Structures are given as structure tokens and as C-alpha cells.
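Here the structure comes first, spelled out in C-alpha cells, and everything after it is commentary.
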Amino acid sequence: MPGSASQTAPKTSAGRFFEDFQPGDAIVHATPRTVTAGDVSLYTAIYGPRFAVQSSDAFAKAIGYPTAPIDDLLVFHIVFGKTVPDISLNAVANLGYANGRFLKPVFPGDTLSTTSEVIGVKQTSAGDAGIVYVRSIGRNQRDEIVLSYVRWVLVRKRQPGTPAHAEQVPDLPKAVMPEELAEGCPAIELTAYDDALAGSTFRWGDYAVGERIDHVDGMTVEEAEHQLATRLYQNTAKVHFDAHGARDTRFGKRLIYGGHVISLARALSFNGLGNAFHIAAINGGRHVAPLFSGDTVFAWSEVLETAELPGREDVGGLRLRLVATKNRPCGDHPLKTGDQYAADVILDLDYWVLLPR
Amino acid sequence: MPGSASQTAPKTSAGRFFEDFQPGDAIVHATPRTVTAGDVSLYTAIYGPRFAVQSSDAFAKAIGYPTAPIDDLLVFHIVFGKTVPDISLNAVANLGYANGRFLKPVFPGDTLSTTSEVIGVKQTSAGDAGIVYVRSIGRNQRDEIVLSYVRWVLVRKRQPGTPAHAEQVPDLPKAVMPEELAEGCPAIELTAYDDALAGSTFRWGDYAVGERIDHVDGMTVEEAEHQLATRLYQNTAKVHFDAHGARDTRFGKRLIYGGHVISLARALSFNGLGNAFHIAAINGGRHVAPLFSGDTVFAWSEVLETAELPGREDVGGLRLRLVATKNRPCGDHPLKTGDQYAADVILDLDYWVLLPR
Amino acid sequence: MPGSASQTAPKTSAGRFFEDFQPGDAIVHATPRTVTAGDVSLYTAIYGPRFAVQSSDAFAKAIGYPTAPIDDLLVFHIVFGKTVPDISLNAVANLGYANGRFLKPVFPGDTLSTTSEVIGVKQTSAGDAGIVYVRSIGRNQRDEIVLSYVRWVLVRKRQPGTPAHAEQVPDLPKAVMPEELAEGCPAIELTAYDDALAGSTFRWGDYAVGERIDHVDGMTVEEAEHQLATRLYQNTAKVHFDAHGARDTRFGKRLIYGGHVISLARALSFNGLGNAFHIAAINGGRHVAPLFSGDTVFAWSEVLETAELPGREDVGGLRLRLVATKNRPCGDHPLKTGDQYAADVILDLDYWVLLPR
């Protein structure tokens, strides 16, 4: 029987603060999510990706998938979104990513859920916040891991004076190793891989370390678009949705989810990387500056490394730096002036893609 | 054979006026609609609901549904949308709802259609308009009733002088009775209901009459968002879409569909009511003030009543008042000053939800 | 093995210029696309069509389709979108359409791909651009032709001085013939065609040549809406997406994809043409003036011709002129003053629809 109002516990949560995180904590995040063709269409409408494998069941089947897989970044956003209410509701900043691996393709009808483990904490010297490191793991309905990644965020303390847990900083790899890249990619039937349909004649062997590619086109972002996307991922970070509350913040307006920028830049990168059909890993990434509605996103890529994959003759890996800017075309590949990022750079992402050989 | 232009009947309808409605009239509304996973994704993108039952096929199956059901309010909007061209094209205002019951879950692939019966008319004293009461019924492709509700609207007369049908005002229940709440909810397998995945540890018994819950977050609405939603429901009320025509209206701009506010408030209410997975009934509701693009919606709830359901040990009912405001957080539960609604209140909804016990 | 950066070919394409097109060229366009229920929902959300055949599996099955077919214009936009990177990236203007035929219904799950043949070229007298005529053909995964149409575009030359290929202008029919209209329409079971559910009591025989129908309602377009739509079609024309680059153009802002206007006008035309369930052919069309975000679209239709279809007692054809305007209701059927289009007219489309008899 329901109780009386005066006895009941408060029903809403203000989210965890820095002192609530202890290394070893395991968190089961809420709201499992069945991914469907509806999500695929929205993802296409929001970013405009044109990679043939994710766009066409017929193309995907011909080369060895059971059907077109869900875009790797859509998987990332859905897995990530679930962590927000538990990890970053009181975050000041999303500081970085590491050791992200896409371990199994996801298909329409699969249900994704996420758990996280706290793997490190480090209070800031000011004592009013601290860095929390978590490894988050996305699983499908068969409990198979589809994605695993580490991120760290700066989280406010509830009260500056409260003692925090003992500092512990995880040792994170600079990059995922080539021998770890192939797991999420089925054997590709190269004879069926049609370059004309894929939109690019450039295979893995055609790219060289140091090569820089301007992705040419610009994409302007509207409030409705990033809000639709971020809600689709069930990401509840209020900075993306509440214009009323945002008026009193540093920026005075809604911030766009950083993952939105990654997806836009990745979609733009089709022009120059049309055969880079699978994201195998995210080595690291930094949201250098915020993006706002009305800004236009441009992008360019640099080939950082090329890798043959052990035991795989079908695909090879390219380690890429993907740089996004706002309101600045990327013909001259803007990045840094000395140690400082150029004013217009908003994203510096280090990731691995697979291409057919 | 087609005729000559001069003989043909006008092909467009200006909609029914008050004097066209007679108690007993039965109306078959146009455009049956198959609800799909695409609609579910859009609904998620537009409002950001996080109830596990509607989000995850795996979760829904575990507790006793054949697959994830369509959100009850999405069903409501689609059933409602069909009535607009026949009922409220010449409406001045949507005055109220009563006796709304969700009688059967709807699943992707089901086709919904709507019929209405005029159950009352009452001309205003000014004689230029009148209140029309209709019971609208939504059915699936097997002709099973999935939703039934009454609404009343103020409709203009074609000509002030025309005689109207004799006044008849239906006797409507203040609220749906507890024994009428369970029909749309299958038997729930409580042992499989996972609070961590559902996002709340608060079951039916943890809520008490009089308890008030601020849902904390705010959601700003954009023109593109409410237009996408309202078209998705095939609701044709021009006040939502025609900015050109709206310039000469009282507000000078497009009005947002009232149902949009209900869905936003319901999605926000997840924070505090995460286990309230099924809307069983709508007892009544009032759109207190209009919402416009750029406004930010907040919400809070009050527990009005708790009810055990006859013969059901799995779920219990909470009768809630759901209040939405614009541009005003709800920490102090704003509602009325004396008899007057507070200036920022836009919705006052009285409805029943079911929670696991 | 990947090469060195200095050896590699540029990976992005600037698109074909006028001198690159030679009659007889066959082009395989990139990115096959599986059309799904998700696309249908987005199409509904973006334009608000209410034709029962495309909206309801139950209605479609009752009259002879295996399930609800994809809206003909959604098929058109997806087939068309693929041609943009190869045909019109350097286009100055999209000049016209001819001989468009919808030859087979498309259903969710079908995968569309497009090829084009250059069928004519004609350099302008100024010598800095030229008209390119292409026939584009959309096919499903069984290699069946679902759509075939001709369009011509004005394309810039890479360099004004370069010699172009010899002029060749195709002979294009003014209109598709009645005997060519039925191929994309299965036999319709008239006894099962329910006018009340379809939303109109007017069958083919109720329309007369010369009849003009104002479609009454207006629909205001937002940037987010046309961008979502145009990306959904994987149409990459940068004029629709890049507000930063658009600042230096003639209009100073983003242009809306012409096909967006066609779909809006077609959706509005439901009010007056509710039984015109299938677009059989596009005879010709002209985007008279550009549409921008914030504008409100209105539309009206004129019956140009009526046609019985050889061997078909179930359906008949109406050849319609569909005119769209911006910020101007169409009660007086605006079109031209002398030879000049009225200032507010933005679309003049000549097409065939089928209606039940």
C-alpha cells in the first residue's frame, strides 16, 4: 500500500557528484533500447552519411553482413547516452575518450544496454571538482559486448569540503593496437565489393601516412536537429535542451552534444574516405571548443598510420585524425598554432577505420 | 467519364461548423495509419521518453508483452489527429478531455483508424459558436478498440443566425474508476521487472497521496519539432503550420499542438516516475495557456489518488495531476493563485498511470 | 601496402563540369539505399501526406497491394539524390524534368540504386556553361526499373575556353501517354476501396478538364525540416546545407531543394484530391522561383486532361498542373501575368495521377 506523503523518499535524483564515485563502482544504466530502422532513417536525416554498407541491405549482404549494420557512431551515441544520468549530470566538461573498441556489429532489432565501471578518480587542486574515469560497456540482448570505451569527465563536488576517494589514475593506451581492430568486422567478400556503388575507387592501399584530405562540404546545424539527435540517444544532459536555464550560463545558450560534431564530421568525411565503411576503434578525442546552433561544420582528415590486420587479407586499417571546425572551410587543414588549437577548431579525434584492400 | 468543369462539385471542404453537428452523428475519419518502428524513433527523438517498456523489446518481452508497445500518447495523438479535419477545423478552442481509456496495447505494424460520435452540443449565449462534445474511438486492424475518449471543443458557426441543434450536454465521469484501469495492461511478470534497467527503485507502494514531484529538467521547443510531430500525427489544424496566416491572428504566430505539451511533460516526468510505464486513463485535462516556439517546458506532478486494481497483484494505479509550465522551473510546484492559474502554467492534466507493485 | 603521401591521388572530387559530359556516357551513382518504415515516418513528419494507400498497410492490402507502398515522391527523391554528386554538383540551375514514369511500386525493405545516361549537351552562347540532359533510372534490388525520368541542368564549365562535346538535344515528349500510365499500379479491388477512410468521395469521373482546385492550407518551412529531408535523400547539393558558404551567394542564405516544394504541394493537394493515390508520371516541371526557410507554401491544381487507361476499368488518369506559391494563398489560382509567372509562384508541375473509378 502506498504510504503518506510525509514519509516518502524524494523521487528525483540530482545525479552523482565527484565524491560519490569510487574506483571499482559498477553502475547499471537505465533504459535498454531496441535499435530499429527508424533510428537508421533519423540518423541519415540528421547527418547525411552515405557509406554503402550501412545504407543498403543488398550491398551489406553481398559483402558478408547478414544485413546492413547500424552505423558505429549511432551505436556509440546510444550506449553513451545511457551513461549521462549516472555519470555526467553534474559534469563541468567531457575531457576525453580512450580505448574505444567496436567489437560486434549491431543490427536493427538488437537491444542495447550499458554498464560502467569507475576506473579512476582524481580531485582537482581547487578541491571543488574532480576527474572521474569510467569504462562503459554496451551489450546487445545476447549479452555480447558490442562497444567498450573509456571516458573521463570533470565532475563537480556536492560540497567543496567533503573528502573524496583516494586518487587513482588509470593507465590508458595511446591507441588501440592493429591486432585489436578486426573483431567487429565480418570477413568481407572483396569480389562483391562494388567501388562504383560505394562511391570511391580508393581502397586501403591508396592512402599514405601523412596524407591530408579536405572533406570540402559544410553543414550548418539547427537547434531542432541536435535536440532531435540527442533525445534519440536518450542523452539527458540539460545543457543541450534548456534554453531558459542556459541564459544564465557562461555561453548564454544551448550547447550542442559533442557526439553530434563527431557524427557530422564523419558523414562529411565520406567525400574522400568513401570506402572507410567501419569504425573499428576510437583512440582518443577532444572536444576543443563548443558548437552552437547556426554554426557550420567543416572537416578534414590526416592519415596517421596504416596497418595490416593479422590474418585478414580482406581489410586494412587506417588510423585517422579527424578535425572539425566551425565556420571555416578546411582547405588548408587548420589545426594548431604552436601548442594552441586554431580558434575555429572544435574537434580533434583519433580513430581507426577499416577499408577493403 | 469525367464531367465538365462547370458541372463539378467543389472538391475541398471548409470543415464542419457548429450547426452541422447533431447528437448521434457518427463520423468515420479518414486515413487509417500503420504505426511502425519509424514512428517510435521519431517520438523518441521529439520528446526523449525513457520508459524501459516502450524503449526495449527485450525488457517488454521479459515482463509479459509480446514486444515493446507503442507509447500510449503516440497512440493518442494518432487517433486524435484523424478527428481534426472533421471535428475541429473551425474550432476556436479545445476545451477539455474526459473518460479517456487505453484499452489495448498497440504494437508496430498495427493499423489505427478512428470514428467519432457526437454526444452533445451547446450553443454559446452569443450565438456565434457552440460547444461540441464527441466520443472518439481508435481501433486497430482487428477492429479492437485501443482507445476511447471524450473531448469537447468550441466551434464557430457558419452563420451566427442559423438555428443549431437542440442543446444536449453529456454526463461525464470526473475520473475513470480503478476497476476500469487494467484492461490495456497485460499481466506483468514482476520477477523479471528490473528496477536498475527501468531507472527507478520506486514502485507503486512508494508513492503517497499528496506527494509532489518536481521533474527538474526543462525542454525548449523549436518550430521544426512541433511541426514534425503534428504532421506525424496527420493532424491538419492550420494554426500549427501556417506562419503566414498566423500573422493576422491574436497571437501573431504559430500555436503548438496541445498534445505536444502533454508528451513533453510526460517525458520529463520520467525523472521521478520512472516505473509509471503505462498510461491507463485520462480523467480530464485543460490546456491552460498556449505554448510557442522558443519556450521551455518544465513539469511537476502531484499524486491525487492511489488504487489497487481488482484482481491484480502485479500493478497498481496512481492518479496524477501533471502540471506543465513555460519558462519557469517547477521546484515550488506552481499551479494556481486563488482560482486563477499561475501565469506560466500551460497544462493541468489529470490521468492514471500503472506501476509495478 | 599504402603508398607515401606525396604519391597519392587526390581523394575528393570537385564534381563533373560541363565539358566532362558526353552523350552516351553511362554513370553508376553511389550509395544504394534500403528504404524502410523509418523513411516513411520521416516523410510523413516532414510533409504530412494523408493518402490512405501509402499510410495504411490494411487499406493497401484490401485494394490489391501486398502492403503499403512507399510514396512515389519519396522514391523520386531517393533516386534523384544519388545523381547529385555526379550530375549537378556544379549546376547553376535545375532547368526541367520530362518523361518521368513510376514503373513499379516500391515497398519497405527494397533497395534503390540509380544509373544515368547523358542524352544531350548544349553549350550556352556565353561559353561558360552548358545544358546537360540525363535520363536517370532507379532500380530495386531485383534490378527492376521502378522510376525513369529525364532532367536537364545548367552546368558550369571548368574553364570557359575548353572545347565541349558536340551539341545534341534530345527530343522529349510533352507528356507521357495514357497507355503508359498503368504499369506502376496493381489491379485495384474497387469494392474494397473505402471513400470514407480515403477521405474523399470524389472518384476519377468527378473531375473535369479545366477544373481548378485551391488546396487551402499553408505550410511554413523551417531550415531543420528541409535539411533533414534533403539529407534523408542523401542529396549532397551544398546550397541546401551550408549557411556559411551561402553568405557570399546571390541569395545570401540556404536554398531549399526543389523536390521539397513538390512534396509539400502534393501533400497539400490531398485536400481536394484525396483519392489521387498514385503518381503515374511527371510530364514536366519548372522550379519558377526559390523557396527559403520561413516561407509558407500554398498550392492549387488544374485538371489538364482526363484519360481512361487501356484495359483498366479500375482506375483512370488525371493530368494535373500543380502550382505552388510562397506566402500567398491560392484562392484565385495565381499563375502568370502574360508570359510572366506571378511573383509568388514557385512551382509549375505537370503530372499524371491515378484515381479509382
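The values are calculated or read from the model by the stated rules, or taken from the named source; none is laboratory data. Everything quoted here is computed from the prediction, not taken from an experiment. Cβ: placed from backbone, ideal geometry, glycine included. Neighbour counts: every protein chain shown. Surface areas here come from the heavy atoms of the whole protein model, side chains and all, with no ligands, DNA or RNA. Shrake-Rupley method; radii C 1.70, N 1.55, O 1.52, S 1.80 Å.
Can you pull out the residues in region A:21-47 that are over 13 Å from A:Leu74 (Cβ atoms), open to solvent by 10 Å² or more (accessible area, probe 1.4 Å) and assigned to a loop (DSSP other than H, G, I, E, B)?
A:Gln22, A:Pro23, A:Gly24, A:Asp25, A:Ala30, listed by residue number.
Looking at (1) open to solvent by 10 Å² or more (accessible area, probe 1.4 Å); (2) within 17 Å of the chain's Cα centre (by Cα); (3) of a type in the set (Ser, Thr, Tyr); (4) modelled with pLDDT of 95 or more, which is the only condition C:Thr236 fails?
Here C:Thr236 meets the rest and fails (4).
Quick check on C:Tyr149: is it in contact (Cβ under 8 Å) with a residue 60 or more places away in the chain, away from every other protein chain (no Cβ under 14 Å), buried (at least 17 other Cβ atoms within 10 Å of the Cβ) and not hydrophobic (A, V, I, L, M, F, W, C)?
yes
Name the one entry in C:Arg151, C:Arg203, C:Arg212, C:Arg156 that is in contact with a Phe, Trp or Tyr (Cβ under 8 Å, 6 or more places away or on another chain), farther than 19 Å from C:Val121 by Cα and basic (Lys, Arg).
Of C:Arg151, C:Arg203, C:Arg212, C:Arg156, the one residue that is in contact with a Phe, Trp or Tyr (Cβ under 8 Å, 6 or more places away or on another chain), farther than 19 Å from C:Val121 by Cα and basic (Lys, Arg) is C:Arg212.
A:Arg156 - would you say it is open to solvent by less than 70 Å² (accessible area, probe 1.4 Å) and under 16 Å from A:Val134 (Cα atoms)?
The answer is no for A:Arg156.
Hey, can you tell me all the residues within region B:53-70 that are open to solvent by 20 Å² or more (accessible area, probe 1.4 Å) and touching a residue at least 60 places away in the same chain (Cβ under 8 Å)?
B:Gln54, B:Ala62, B:Gly64
Is there any pair with a first residue in region B:41-52 that is more than 7 Å from chain A (Cβ to nearest Cβ) and a second that is part of a loop (DSSP other than H, G, I, E, B) and crowded, with 24+ Cβ neighbours inside 10 Å whose Cβ atoms are under 6 Å apart and which are 6 or more apart or on different chains, and what are they?
B:Tyr43/B:Asp71; B:Phe51/B:Phe277
Inside region C:189-213, can you point out the residues that are within 10 Å of C:Thr306 (Cβ to Cβ) and either in a strand (DSSP E or B) or modelled with pLDDT under 95 (or both)?
C:Val209
For region C:217-259, which positions are part of a helix (DSSP H, G or I), more than 14 Å from chain A (Cβ to nearest Cβ) and in contact with a helix residue (DSSP H, G or I) (Cβ under 6 Å, 6 or more places away or on another chain)?
C:Gly259
Return the residue satisfying two criteria in turn: it lies in region B:8-20 and is assigned to a loop (DSSP other than H, G, I, E, B) and of a type outside the set (Ser, Thr, Tyr), and of such residues it is farthest from C:Arg203 (Cα to Cα).
By that ranking, first place goes to B:Phe17.
Using the structure shown, decide if B:Ala243 is surrounded by fewer than 24 Cβ atoms within 10 Å (Cβ to Cβ) and modelled with pLDDT under 95.
no
Taking into account only those residues within region A:272-306 that are of a type in the set (A, V, I, L, M), more than 30 Å from C:Arg254 (Cα to Cα) and buried (at least 18 other Cβ atoms within 10 Å of the Cβ), which is nearest to the chain's Cα centre (by Cα)?
A:Ile282
Among the β-branched types (Val, Ile, Thr), assigned to a loop (DSSP other than H, G, I, E, B) and more than 23 Å from C:Thr36 (Cβ to Cβ): is that true of B:Thr67 in this structure?
no
State which residue is most open to solvent (accessible area, probe 1.4 Å) when the search covers only region C:181-211 and only residues that are within 14 Å of chain B (Cβ to nearest Cβ) and of a type in the set (A, V, I, L, M).
Within region C:181-211, the match that is most open to solvent (accessible area, probe 1.4 Å) is C:Val209.
Are any residues in region B:83-102 under 17 Å from B:Ile145 (Cα atoms) and either more than 13 Å from the chain's Cα centre (by Cα) or open to solvent by 30 Å² or more (accessible area, probe 1.4 Å) (or both), and if so, which ones?
The one that is under 17 Å from B:Ile145 (Cα atoms) and either more than 13 Å from the chain's Cα centre (by Cα) or open to solvent by 30 Å² or more (accessible area, probe 1.4 Å) (or both): B:Arg101.
Go through region A:1-44 and report how many residues are touching a strand residue (DSSP E or B) at 6+ places or on another chain (Cβ under 9 Å), closer than 13 Å to A:Asp86 by Cβ and of a type in the set (S, T, N, Q).
Residues in region A:1-44 being touching a strand residue (DSSP E or B) at 6+ places or on another chain (Cβ under 9 Å), closer than 13 Å to A:Asp86 by Cβ and of a type in the set (S, T, N, Q): 1 in total.
Yes/no matrix, rows are residues, columns are (1) part of a strand (DSSP E or B); (2) under 23 Å from C:Lys238 (Cβ atoms); (3) in contact with an Asp or Glu (Cβ under 7 Å, 6 or more places away or on another chain):
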site: C:Phe80; (1), (2), (3): no, yes, no
site: C:Leu95; (1), (2), (3): yes, yes, no
site: C:Ala98; (1), (2), (3): yes, no, no
site: C:Arg158; (1), (2), (3): no, yes, yes
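Please state which of the following conditions C:Phe59 fails to meet, knowing it meets all the rest: (1) within 8 Å of another protein chain (Cβ to nearest Cβ); (2) out of contact with any helix residue (DSSP H, G or I) (no Cβ under 6 Å at 6 or more places or on another chain); (3) of a type in the set (Phe, Trp, Tyr).
For C:Phe59, the failing item is (2).
Being at positive phi, more than 8 Å from every other protein chain (Cβ to nearest Cβ) and not charged (D, E, K, R) is true for just one of C:Gly100, C:Gly109, C:Gly15. Which residue is that?
One residue alone meets the criteria, C:Gly15.
Those residues that are within 13 Å of chain B (Cβ to nearest Cβ), among the polar types (S, T, N, Q) and over 24 Å from C:Ala198 (Cα atoms), I need them from region C:272-329; list them, please.
Those that are within 13 Å of chain B (Cβ to nearest Cβ), among the polar types (S, T, N, Q) and over 24 Å from C:Ala198 (Cα atoms): C:Ser293, C:Thr296, C:Thr325, C:Asn327.
Based on what the data block shows, is A:Val106 open to solvent by less than 10 Å² (accessible area, probe 1.4 Å), modelled with pLDDT of 95 or more and within 17 Å of the chain's Cα centre (by Cα)?
Yes.
Would you mind stating whether C:Thr230 is touching a Pro at 6+ places or on another chain (Cβ under 9 Å) and not hydrophobic (A, V, I, L, M, F, W, C)?
no
List, please: which pairs have Cβ atoms under 6 Å, are six or more places apart or on different chains, and start with a residue in region C:260-274 that is touching a residue at least 24 places away in the same chain (Cβ under 8 Å) and assigned to a helix (DSSP H, G or I) and end with one that is open to solvent by 10 Å² or more (accessible area, probe 1.4 Å) and not hydrophobic (A, V, I, L, M, F, W, C)?
Close Cβ pairs satisfying both conditions: C:Ala267/C:Gly48; C:Ala267/C:Pro49; C:Leu268/C:Asp217.
So, C:Asp214, is that one open to solvent by 10 Å² or more (accessible area, probe 1.4 Å), away from chain A (no Cβ under 14 Å), of a type outside the set (A, V, I, L, M) and touching a Cys at 6+ places or on another chain (Cβ under 7 Å) or not?
Against the criterion (open to solvent by 10 Å² or more (accessible area, probe 1.4 Å), away from chain A (no Cβ under 14 Å), of a type outside the set (A, V, I, L, M) and touching a Cys at 6+ places or on another chain (Cβ under 7 Å)), C:Asp214 qualifies.
Restricting attention to region C:18-66, which residues are more than 16 Å from C:Leu232 (Cα to Cα) and in contact with a Gly (Cβ under 9 Å, 6 or more places away or on another chain)?
Hits for region C:18-66 are C:Phe18, C:Glu19, C:Phe21, C:Pro23, C:His29, C:Arg50, C:Phe51, C:Ala52, C:Asp57.
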